Structure formats: C-alpha cells, structure tokens
Amino acid sequence: MKEILILVLIFGLNEATPLEDFVFDDTDLNVVRYDQVKIVKENFLSKYHINLTTCSWFEKLGLLLDPNVPYWTHEMIINVPKNLNSSRPVFFFIDSGRLDQINQESEYEKRVTLLAINCKCITVIMKQVPNQPLQFATDPNRKEKMEDELVAWTFHMYIFLKSYFPNDTFNYTPLQFPMTKSVKRGFDVLFDFLKSKDIQFTEKIIVSGHGKRGWTAWLIGAIDDRVVGIIPINFDLLNWHKSFHSQYKSLGGGYSYAFRFYLIAGLSIFIDEVNIYQLGQLVDPYSYLHRYMNKNIYLISSTSSEYSMVENMRFFWNELRIHSKHSFIRRVPNAGNDLENQINRIFININNFLSLHSKHSVTERALPKFRWKFVNDKDTGQIWIHLSDLKMFQSYDVRGFFALSLSNRSIDFRNSYLDDKLEIKNRRIAWNSRLIARVKISNSSTEFNHKFIVNRSDLNDKYMVFYVEVNLKLKNKSKGRHLVICTDVNRLPEYYPVGDCYERECLGKQF
C-alpha cells in the first residue's frame, strides 16, 4: 500500500501521467487514416477488413533507421454479427504480427470472429501491435528487433541514453507508449467507421490481449474511459520490484531465461535504483491501480508459463480487488505461455464473462462475489472461499488444484527451463486436482463456504502450490456455458529457498 500512496502523490488522482500526455497528444493526428480493403459477408456476420495508420513515434528524432517506420500501420478486422445486440460492449483484441507478413491469419483471429456470433456483440482484432521488426539508430549493431528484445531495447534507451532525447521526451521511449497510443487510435477509427456504416453500437469496450498485448490492455484500460472491462491473458507482472525480488528468491538466485533481454537491458542489476522505479511508474500497471475503479477485470493466467512465477499475483491482487469494480482470476493448469490447446476453452469463458458483463446494471448484479483467504497451520495449508450473488447460475463445482516442485532448491513450475549447457529444455510439472464440492443452487440469495486443505506431510521435502477453482454453470444455457474463476496461489512451506538480494547483488543467473 505504501508504494501506491507514493505513486498517487507523484501523479495525483486526476493529474495526467506521461503516458496520457503521449497517448492523448494529437499533434500527429494528421497521420491517422484508414481504408476499407474488403468486406466479407458470411451466413451469420459481416467482416470488414481495414488498413489503418495510427500514430508516429519519434518521427523527427531519427530514432529509427527506416524513415517509414515512425508511422505505425495495422490491419484491423471488424466482425458485425447479424444477431447483434447493440447495447453490448465491443470486444477489442490486440494482436501481434510482422510488418513484412500482412494478410496472415493469426491463431486468435478465428476465435475473435466466432465470439461475435456467440456474444451477439461487435468484435475487433487489431494486428501489428507493436509494429515490428524495428532497427534503431542508437543500436551499434543495427539489429532488427522483435517482441521482448524490442521492448527491452527501449528500456535500455530509457535507462542509459536519456541524453539522446530532448527535454523530457525520454519518457516516451518505452515501447508500451506507442503500443498504447496505437490502440487508442484504433478505438477512434473503429467508432468512426461504425458510424459511417450506420451500425448501431455502444461506445464501451472490453479490451484483451496476450502477453505484451495483455500488458497494453492493462495500460489502455487504465487511461481510456471507454474501456469498461479488461481481459489480460498471461500478463500478471504487476509490481515489478516485488515480483523480480520474489523471482530471484524462488529460482534460487536468478531469473527465468524468458527475461534474458530484460536482464541484458539492466532491469535486474538496477532493480533497486531510481531509474527502474521511474520506468515502473511509466509502464507498470501497478502504478495505475487507482484508475481501475470502474473496470471489470478477468485476468487469465497459465500456471506453467516461462514468463511468470505462479505467485506473481500475491504482490498486487488484494489492492487491485479494492480498486477495481469487479476482478476475477482464471488460471489455466498445465499450460505454458502459448496456452497450448487451451485457447478454445478460454474463449468460451471470455464469451460467458462478456454475456454476464452486458447484463450488469446499477440495480442488478450479474457477476458473482468471490472471496478467499489462506489459513495455514503447523500441519496443513488451507484456502477458505466464500461465494455469493449467484442469481445467474444454476450450479457449480469446486476443485482444488495442486502441484509439487521437482526439488526443494527452487519454487519453479515452468514448463521449460535453461539447463547447465544454456539450452532450453521442455518438461512437464503435473497439476493435479480433486473435487471438493458439487452444488446445485436452489436459492440465489444463499451464501456458500468451502475449504481446500492440503497436508504438510505430503510435501516430501518439496514445495507445494495450490489454489481453488470454481466452475459456475449459467442458468438456461447449453453445455459449455460456464464461468471459471479461481483463487490466488497458496504455498507450503512459506519460506524461500534462498535469501533476498540488494542492488548489484540482483544481477542473478538465468534458469
């Protein structure tokens, strides 16, 4: 809580942040344009394909080697179903893609299209966020950079090359700034296009994205009032400082190999220095927690991602729950960062979250209330859950999920790791589950309590992590219409395998 109070004092509750200064600056508005490339009319919907230019980034500074690259361009597909309920929010999915590989269907495109029919809402997928690959004049190697290497290089520029930028424009170097601005302009173009086609819609958006696009969803959701819901997929790295220190202790003195570009950029060795604190104030969603007061959040997170420690949420979830309107976790067991074969199931959950979200009004609550607490003693670890406001549901199952680490030397549940020969190896750490309760709801005003208990005697000199999943079945819905919500992760034993680091000690190894 101390960190939040400091950040609120720095920016103020209503004072514009550097991110807002950049995103809402219209001096580059003249570059915004869009063209309808084609329209595809199918049995159940119409698909509008649009090419658009959204913003410029350091156009006059010569930061990028290609003179055309400062102007960010994208593909956008707008799905308008024939069964459209115009009162429902627009679902806006932020996607990746290379500038030199356009017109290629992504793994999410079909799901976003099908979602439009199922949720009776307009769905949108916006690609090439960020524009990539990019080459920087500040890079002596002139190497094309993508994804994490691209983000990490912009962090490197912020930390080490501030003198390169006039005035305070170094604040705009993190890649999340143009990513967020491009999405904001994408919203603008979307609404303008729908109005030009006389398509009825509500100017409310539920925004989603995977990985770094999930990061962008957090940020645009914090600063754009049109966003009423946020569904980040596999981005739970909020509160960097505590998360990085926890990762160092969890992995036995280092960090996941997936963060290698960020480690090269200096994020670990300088984690306790003012530059990293200031960078976090710009792009860490934790700095914007007070901006989520009117947002519904459905955070989807894999249990075995190479990017995420399974306990990341403990460093922000309670505060997020206080600041946001409604917030829920959906964990995906036995899946890495790419979600493997779980994407279809996830979009079923997203559809049900959207349908409940659209029913919510001031006078009627559609989303459930879900609370939990950890109660550990000398013999057991326990999670107590409390459920209420279940008027939209007819029944639910409660399951406890748990997994054991491979040894007592690390709290590591990733599906891949870096071996002693610096080679990435795959592995599978099994998450098991057991049914705790199966309940038919006869009275929606009833409140329900359940416990999940594990025994310390089952640890076998290893670490155990465990959580509770509640699978709520909607009323009068066909098979598969469920909302899945989960608790945070509890752990036994409660101590870390190694102690903490400070300043330069935090360089760490890659694992």
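Readers should treat all values here as calculations from the given coordinates under stated rules, not as data from a laboratory. What you are looking at is a predicted structure, and each value in this text was computed from that prediction instead of being measured. All Cβ positions, even for glycine, are placed from backbone atoms using ideal geometry, and neighbour counts span all protein chains on display.
Taking 0.36 nm per residue of sequence separation and subtracting the Cα-Cα distance, how much length would be gained by fully extending the chain between residue 164 and residue 135, in nm to one decimal?
8.8 nm
My understanding is that a pair violates if its Cα-Cα distance is over 18 Å; which of 38/181; 249/462; 242/378; 325/440; 120/369 do that in this structure? Could you put the intermediate results ahead of the total?
Numbers: 38/181 25 Å; 249/462 15 Å; 242/378 27 Å; 325/440 27 Å; 120/369 25 Å.
Correct reply: 38/181; 242/378; 325/440; 120/369.
Nothing charged except the Cβ atoms of Lys and Arg (+1) and of Asp and Glu (-1): what's the magnitude of the dipole of region 133-220 about its Cα centre? Round to the nearest 20 debye.
Numbers: 12 positive and 10 negative charges, 12 e Å.
Computed charge dipole of region 133-220: roughly 60 debye.
In sequence order, what are the phi-derived ³J(HN,Hα) couplings for region 305-317 according to the Karplus relation 6.51 cos²θ - 1.76 cosθ + 1.60 with θ = phi - 60°, rounded to whole Hz, with x for glycine and proline?
5, 5, 8, 10, 7, 5, 9, 3, 5, 5, 8, 8, 5
Hey, what's the per residue convex hull volume over the C-alpha atoms of region 2-367, in cubic angstrom?
Details: hull volume 51.4 nm³, N = 366.
Spread over its residues, the Cα hull of region 2-367 gives 141 Å³ apiece.
Kindly state, to the nearest 0.05, the FRET efficiency for residue 192 paired with residue 451, given R0 = 51 Å and r defined as their beta-carbon distance.
E(calc), rounded to 0.05, equals 0.45.
Taking H placed 1.01 Å from N in the peptide plane, check which residues at least 5 places from residue 436 or on another chain put their amide H under 5 Å from its amide H.
Residues meeting the amide H criterion: 398, 399, 400.
Taking every DSSP beta bridge that has both residues in the chain, what percent is antiparallel when rounded to the nearest 5?
On the way: 70 of 97 bridges.
In the chain, approximately 70 percent of DSSP beta bridges are antiparallel ones.
Using the Karplus curve 6.51 cos²θ - 1.76 cosθ + 1.60 with θ = phi - 60°, what ³J(HN,Hα) values do you get for each residue of region 422-435, in whole Hz, with x for Gly and Pro?
My calculation for region 422-435 gives 6, 10, 7, 10, 8, 7, 10, 9, 6, 9, 9, 9, 9, 6 Hz in order.
Using a simple spin-label model with points 7 Å from Cα along the Cα→Cβ vector, what separation in nm is obtained for residue 51 and residue 31?
With each label point 7 Å from Cα toward Cβ, the separation is 1.7 nm.
What are the residues whose amide H is under 5 Å from the amide H of residue 255, where those residues sit 5 or more places off or on another chain and H is modelled from the backbone?
For residue 255, whose amide H was placed from the backbone, the distant partners under 5 Å are 509, 510, 511.
Which whole-angstrom value gives the distance between the alpha carbon centres of region 94-149 and region 432-511?
Centre-to-centre (Cα) distance: 32 Å.
Taking θ as phi - 60°, what are the ³J(HN,Hα) couplings along region 249-254 by the Karplus curve (6.51, -1.76, 1.60), each to the nearest whole Hz, with x for Gly and Pro?
Calculated HN-Hα couplings, in order: 6, 5, 8, x, x, x Hz.
Taking amide hydrogens as modeled 1.01 Å from N in the peptide plane, which residues meet the under 5 Å criterion relative to residue 204, leaving out close sequence neighbours?
Residues meeting the amide H criterion: 90.
Roughly what percent of Cα-Cα pairs across region 358-511 reach past 24 Å? Write out the running numbers ahead of the final one.
On the way: 5774 of 11781 pairs.
For region 358-511, the fraction of Cα-Cα distances above 24 Å is 49 percent.
If you take the charge dipole of region 368-494 about its Cα centre, with +1 on Lys and Arg Cβ and -1 on Asp and Glu Cβ, which of 487, 463, 370 is farthest toward its positive end?
It is 370, whose Cα lies furthest towards the positive end.
Under 17 Å between alpha carbons, and skipping anything fewer than 8 positions from residue 421 in its own chain: which lysines qualify?
The qualifying lysines are 509.
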